[in-house]
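Taking it in order: structure first as structure tokens, then the write-up.
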Amino acid sequence: MLNITTETETTSKFEDDYRIVKQKSEKEKILYVGMIEDYFSAIPILSELNVAKEDETLYLSINSDGGELYTALSIVMAIKRTKAKVIALCDVAASAATIITLACDEVWVTPLTEFMVHSVTSGSYGNTKDNKILAQHQEKYFTDIMIDCYKGFLTKEEVKTIVDNGDTLWMYGDLLIEKLNTWAKQNSKKVKVY
């Protein structure tokens, strides 16, 4: 289960994966993103994104091996809707965490920041006909998600290879920074290497 806690002047509770910590200033907050689990556990981070004002900055400190795609998509949509500026402070972003990172207005990385992108892992149950229909739908749907979320970061050929062959791409250092700079240029975003 995904828990969110708030750090106050007098207490410091840190629980599982998403955490909201004390404000950096009146207009800035840091939100921690770890393992991405079910939608209901993400409601506090979604709420922060939904109520943020235009003159605020939210920093998403991302150190995540990914998780539930649909929860990540909800966070991506909330980032796109928020009036606040959203900056990803990225240590490790794997799987679903990469699409959250790339939804942000700015991405801050170090040469040791690591990204991992792979095809969606899913399962289904039911009768054979329904499973075949679902598999066909998911292949197209997940390909479209990847093309949209990784626009400017991955080429359509890279997406096709990942989806068709089940390839996994690991990257850090110069390759990641080069891909992020290309992504930033094509999407009017910013990258900071520190």
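The values are calculated or read from the model by the stated rules, or taken from the named source; none is laboratory data. Owing to the predicted nature of the structure, the values given are computational and were not obtained by experimental measurement. Cβ coordinates were reconstructed from backbone atoms using ideal geometry, including for glycine residues, and neighbour counts include every protein chain displayed. Just the protein is used for accessible areas: all its heavy atoms, side chains included, with ligands, DNA and RNA removed. Shrake-Rupley method; radii C 1.70, N 1.55, O 1.52, S 1.80 Å.
Please verify whether the range 137-160 includes one or more residues that are among the β-branched types (Val, Ile, Thr), touching a Ser or Thr at 6+ places or on another chain (Cβ under 8 Å), open to solvent by less than 50 Å² (accessible area, probe 1.4 Å) and closer than 20 Å to Leu73 by Cα.
yes
Which of the residues belonging to the range 75-111 are assigned to a strand (DSSP E or B) and either open to solvent by 10 Å² or more (accessible area, probe 1.4 Å) or of a type in the set (D, E, K, R) (or both)?
Lys85, Leu89, Asp91, Val92, Glu106, Trp108
So, in the range 4-52, how many residues would count as being acidic (Asp, Glu), surrounded by fewer than 18 Cβ atoms within 10 Å (Cβ to Cβ) and at pLDDT below 90?
The qualifying residues number 5.
Among the residues of the range 165-194, count how many are in contact with a helix residue (DSSP H, G or I) (Cβ under 9 Å, 6 or more places away or on another chain) and in a helix (DSSP H, G or I).
3
Could you check how many residues of the range 86-106 are over 8 Å from the mean Cα position of the chain (by Cα) and either closer than 19 Å to Asn187 by Cα or among the aliphatic types (A, V, I, L, M) (or both)?
Final tally of qualifying residues: 10.
Would you mind stating whether Leu69 is touching a residue at least 60 places away in the same chain (Cβ under 8 Å) and within 10 Å of the chain's Cα centre (by Cα)? I'd like the intermediate steps shown before the answer.
On the way: touching a residue at least 60 places away in the same chain (Cβ under 8 Å): yes; within 10 Å of the chain's Cα centre (by Cα): yes.
Yes; evaluated as a whole, the condition is true for this residue.
Looking only at the range 124-136, decide whether some residue is open to solvent by 40 Å² or more (accessible area, probe 1.4 Å), β-branched (Val, Ile, Thr), free of Cβ contacts under 8 Å to residues at least 40 places away in the same chain and outside any helix (DSSP H, G or I).
No, the range 124-136 contains no residue that is open to solvent by 40 Å² or more (accessible area, probe 1.4 Å), β-branched (Val, Ile, Thr), free of Cβ contacts under 8 Å to residues at least 40 places away in the same chain and outside any helix (DSSP H, G or I).
With the structure loaded, tell me whether Tyr141 is assigned to a helix (DSSP H, G or I), more than 20 Å from Ile62 (Cα to Cα), of a type in the set (Phe, Trp, Tyr) and over 17 Å from the mean Cα position of the chain (by Cα) or whether it fails that test. Step through it out loud before you land on a result.
Details: assigned to a helix (DSSP H, G or I): yes; more than 20 Å from Ile62 (Cα to Cα): yes; of a type in the set (Phe, Trp, Tyr): yes; over 17 Å from the mean Cα position of the chain (by Cα): yes.
Yes; evaluated as a whole, the condition is true for this residue.
Name every residue in the range 53-73 that is open to solvent by 10 Å² or more (accessible area, probe 1.4 Å), in a loop (DSSP other than H, G, I, E, B) and closer than 30 Å to Tyr141 by Cβ, in order of residue number.
Within the range 53-73, Asp65, Glu68 qualify.
Give the residues of the range 167-194 that are open to solvent by less than 50 Å² (accessible area, probe 1.4 Å) and over 16 Å from Leu102 (Cα atoms), sorted by residue number.
If the condition is that a residue be open to solvent by less than 50 Å² (accessible area, probe 1.4 Å) and over 16 Å from Leu102 (Cα atoms), then Gly173 is the only one that fits.
So, of the residues in the range 112-123 that are of a type in the set (S, T, N, Q) and farther than 25 Å from Thr57 by Cα, which turns out to be least open to solvent (accessible area, probe 1.4 Å)?
Here the residue is Ser119.
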